[in-house]
Structure formats: C-alpha cells, structure tokens
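Heads up, the thing below is written out as structure tokens.
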Amino acid sequence: MQIIDAGEDRLPGILAIYKQVIASSTAAYTEIPATLADRAAWRGARLAGGFPVLAAVNGDEVLGFASFGEWRGAWPGYRLTVEHSVHVRDGLRGAGVGRALMEALIARARLGGWHVMLGSVDADNAASIAFHERLGFSSAAHFRQVGVKFDRWLDMVFMQLILDDAATPPR
C-alpha cells in the first residue's frame, strides 16, 4: 500500500468508496448519491484551496482517501483550523489503511502550519471515535440531533487534535 496525492485517475475509486459510505452508514450525513462530477469538483476545490487529497492505493486499486479543508468557511479567525475527512473501502476498515492515511494527512497539516485539525464523527460510531483517540484526538463537543439520515436524528461529536505547541498564534 502507498499513500499518494490523488490524481484525477483515482476519482472513480474514490467515488466508489464514497457512494458505499453514503448508502450504508452515517459517516456522511447525506442520502444523495455522489457523482463523478461531484467528486471532481470536490477535489478541484480542495486543490485550489491548497489542501491535500490523498489516496491509499495498491497498484490501480483505491483502498481509501482522506483530505482536509477550511473549517467554517473563510472566516479569518478560523484560518489556522482545518476539518478532515477519511474514508476506507468496506472490508478494509481496521486493517491500517485509515491510520496510514491520517498519519500522512496530519503530517501535511503540520508542515502546512495548521494549528488544529477537527473531525466530525457520528456519535454512535464508537469505532471511529476510538480510531481518532488512538491518533491523539480528543472529544471537543457533542451536538445533539443536528443531523438526519435513515429517518432518525443523528448526534455528532467533534474530535480535535492540536497540531503544534504554539503559545500564541502567528500574525
């Protein structure tokens, strides 16, 4: 397995994983199937913003993907905080793919000078919460009934990782 910057050629594999996530889980709070054009626009926006889009690959096969981007839009007060997403192909979760993606993503965030990385996790997803905790994230907030999917209310937990030890923010 390699962790690479995801080129356009990896979008069909990314799309297949994301479609499965949408259809079968509460890891993405949407029931609208994604399209290749959606994923291409997402990737393009991330890259245009200077953010990474990574893929875990084995040859031509995409095993998972991860990225981070702005948190709360472009508000200047949040300029040092990013929010990430990471998704792994069904059947490979717990096999180290997500960890490899996140370790590479965290390293990129640190190199980029980001101060905080956030992840939003469905509150019932104990495996994802534990996964984030193993990477050094801590629970920062629990929002009740902020999402709807599969005809039920969903709670969301924000997980937070402070990426550096800066005593004061840079100017």
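Each value in this text was obtained by applying a stated rule to the coordinates, not by laboratory testing. Since this is a predicted model, take the numbers as computed values, not measurements. Note that we place each Cβ from the backbone using ideal geometry, even for glycine, and neighbour counts take in every protein chain shown.
Projecting the alpha carbon convex hull of the chain along each direction and taking the average yields 10.0 nm². Using alpha carbons only, how many angstrom separate the centre of the stretch 48-75 from the centre of the stretch 127-161? Taking the Cα centre of the stretch 127-161 as reference, the centre of the stretch 48-75 is 20 Å away. Peptides 156-162, 144-150, ordered by how many other C-beta atoms sit within 10 Å of their residues on average, highest first, read 156-162, 144-150. The peptide list 61-70, 33-42, 95-104, 5-14, put in order of mean Cβ contacts within 10 Å with the highest first, becomes 61-70, 95-104, 5-14, 33-42. You can think of it this way: the chain between E61 and L111 has 15.2 nm of extra reach, that is 0.36 nm per residue less the Cα-Cα gap. Remark: the K19-L47 segment gains 7.9 nm on full extension, using 0.36 nm per residue and subtracting the alpha carbon distance. Going 7 Å from the Cα of D124 along its beta-carbon direction, which residues of the stretch 136-171 have the amide nitrogen within less than 18 Å of the resulting point? Correct set: 142-158. Take the Cβ atoms of D9 and R171, set R0 to 45 Å, and the FRET efficiency comes out at 0.65.
The length gained on full extension between T35 and A141, counted as 0.36 nm times the residue separation minus their Cα-Cα distance, comes to 35.0 nm.
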